[in-house]
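In what follows, a structure is listed as structure tokens, so that the remarks can point back to it.
The values are calculated or read from the model by the stated rules, or taken from the named source; none is laboratory data. Because the structure is predicted, anything quoted here is derived from the model rather than measured. Note that we place each Cβ from the backbone using ideal geometry, even for glycine, and neighbour counts take in every protein chain shown. These accessible areas exclude ligands, DNA and RNA; they are computed on the full protein's heavy atoms, side chains included. Shrake-Rupley method; radii C 1.70, N 1.55, O 1.52, S 1.80 Å.
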Amino acid sequence: MNQERQTELIFSGDPYRMNWLRPDYEYGQVKAPKELTWEVENRREGDVIYTEIRLTNPGKKPYFADAGSIGIAFPLPDSYEDAQTCLTRRCHTHIFGGRDVSYICALRMGGQPPHLGMFLTEGSLECYSVERNLDRMSNDRGCFWLHPGHLQFDAGETKRISWKIFPHQGKKDFLRKLGEESHFVDVRAERYVVFPGEKISLRIRPAFPARTVTVNGSAAVFRTEEGVWTWETDAGEPGEQGEAGEKWLKILADGVETRCRILVQERPDILARRRCQFLARKQQYQGKIESLRGAYLAYDNEGEQPVYRPENDFNGGRERMGMGCLMARFLQMEKEQDTEKLELLERSLEAYRTFVLRELVDAGTGAVCNDIGMDDSYKRLYNLPWGAAFFMELYRESGREEDLACSCQIVRRFYQDGGAEFYPIGLPVCQLVEELKKAGWRKEEEELTGLFLGHADRMLERGTDYPASEVNYEQSIVAPAADILLSAYLISGEEKYLRAGEEQLAVLELFNGFQPDWHLYETAIRHWDGYWFGKRRIYGDTFPHYWSVLTGNVFELYGRITKDPAWLKRAEDSRRGVLGLIFPDGTASCACVFPHTVNGVRGEFFDEYANDQDWGLYYYLRDGERSGN
């Protein structure tokens, strides 16, 4: 029973009169086992809403409810229409199921307050599910269903889940307001993805004068004069083969329970070596089909075999060119003493280069085709920047001038085909200009610099009036705008590009979470890639997804420009966050589907297909070299 249905939530003083509740789901609706009854009560005091859900076992015997079996609807408008609708009337939703300390920080996509916050005041939340309108494909994140953990009801017992909703001014103000709540415990790790030899270091700040704080039952927690408790331990070793080395840390502060999730990952150089060896041995096609010979293909970790289908996201081109970029970049830094293994990787890269020039790229025209057989029947501008990056990396690895010339020709073709109006992923602006400068190719340097700056001028003109792409509005539309504008500043020194890049950065960073969980911390919201690239073909939040690294790349650019260590740290955290898609034995996953369920299908898994995730490790190696990591 819902005593008072809440259909509209508009904060006073909002110039856009945004309704923070989507109309197609009932706020506070409860799904529960038939053995339980429930009722909801909402109370509003100005801009603050108090919600209480009462769950009762009316039976004469106890009843134990499994974690996830109870769901409470929290229908926020986290969906993608046109850019202006998104920026003013849609939100990014950052959820933390931290047991006693659980919250939601919803941010208007354009960044203008008021934003919406929720803090749990009674009970405990464990995780969340999503229910999506599949007709909207990638453009609707769905309705959120919040799940308590395992609950034990005595006969006739009632349990309460209560929270308050309030307006806030942004992430900092949200955390400040949580700090005013009587049982809030702020947990922050120095790093959420740590390497062997590093420390796991926590700072724990209860909002109350806690007498005792423990981490995983350990009392080895030290209190500073400022009331912050610190805890530190060695990272230990990464997970076993094919597994993520996750560590759940249980924090208890005077009985208030919350948690933090850390990933212990192999060091990137070792990770890259194992991944490249796996690519050469397992993911490179060496069978009898001539058109695929030498291709790096998607790989089914479950069936232990390569995957090819003419379908776009499983074919022989497109995003899979990231495997070639990773191989070429790794060979530039490889210190492997085993010449047999080194020769294996060198032969593998050369075979892939041969495949690409035979099946995908016309070096004379700069065309980068969508699939084998020079099949360009499906026109896709995203493919060209990846081709340019690949041949630039080949040039860096081998010094062959024809590879640098091919990279330049691909960029020319990109702009001939309308690239100045497009928001490309991974266009190597600064990197290619730098290689041309070092090579003394003055004419080509001036030509491509002019093309890049013309592109930046068009983005500056458009501001935040983003065009729709394969998804109406997404992180990988905003990130390229910020990247190209900040890159234009670096190669020209013109302040107009820096100012415009900062405007894009302010919109971009709203996608990123800040919850104490390696899946979520500095990870950009994406929620469709598991369907398009995965084996299970399931929509739903992908935390992490490798294109989150694009935001880390922008943070690094801005940190390098401003020399601000805070932005450089955010860059490192963001880029480390995607490394969990590569496992310590060299296997990989294209996406981690994070919600408990998606439309009733169990989530919380790494997809069995290794497909396009190698871009994340490639960018870590590429930009880590520059930032000294």
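Scanning the range 242-265 for residues that are under 25 Å from F605 (Cβ atoms), touching a Gly at 6+ places or on another chain (Cβ under 9 Å) and either open to solvent by 20 Å² or more (accessible area, probe 1.4 Å) or among the aromatic types (F, W, Y) (or both) yields A244, E246, K247, K250, R259.
Please work out if S574 is at pLDDT 95 or above, open to solvent by less than 10 Å² (accessible area, probe 1.4 Å) and within 12 Å of the chain's Cα centre (by Cα). Judged against the criteria, S574 is a match. Has the range 224-242 got at least one residue that is under 27 Å from F543 (Cβ atoms), aromatic (F, W, Y) and under 23 Å from the mean Cα position of the chain (by Cα)? No, the range 224-242 has no match at all. Assess whether P544 counts as being in contact (Cβ under 8 Å) with a residue 40 or more places away in the chain, within 11 Å of the chain's Cα centre (by Cα) and part of a loop (DSSP other than H, G, I, E, B). Yes; evaluated as a whole, the condition is true for this residue. Of the strands (runs of 3 or more DSSP E) entirely within the range 61-176, those holding at least 1 residues that are open to solvent by 10 Å² or more (accessible area, probe 1.4 Å) and of a type in the set (S, T, N, Q) occupy 115-122, 151-153, 158-168.
Pairs linking a residue in the range 53-73 that is at pLDDT below 95 to a residue that is assigned to a loop (DSSP other than H, G, I, E, B) and open to solvent by less than 30 Å² (accessible area, probe 1.4 Å), with Cβ atoms under 6 Å and 6 or more positions apart or on different chains, are A67/G149; G68/H596. Within the range 267-312, being outside any helix (DSSP H, G or I), among the aliphatic types (A, V, I, L, M) and surrounded by 15 or more Cβ atoms within 10 Å (Cβ to Cβ) holds for A295, L297, A298, V307. The criterion of being at pLDDT below 95, in contact with a Ser or Thr (Cβ under 8 Å, 6 or more places away or on another chain) and more than 30 Å from E509 (Cα to Cα) does not hold for G123.
Considering (1) outside any helix (DSSP H, G or I); (2) in contact with a strand residue (DSSP E or B) (Cβ under 9 Å, 6 or more places away or on another chain), the lone condition that L384 does not fulfil carries the number (1).
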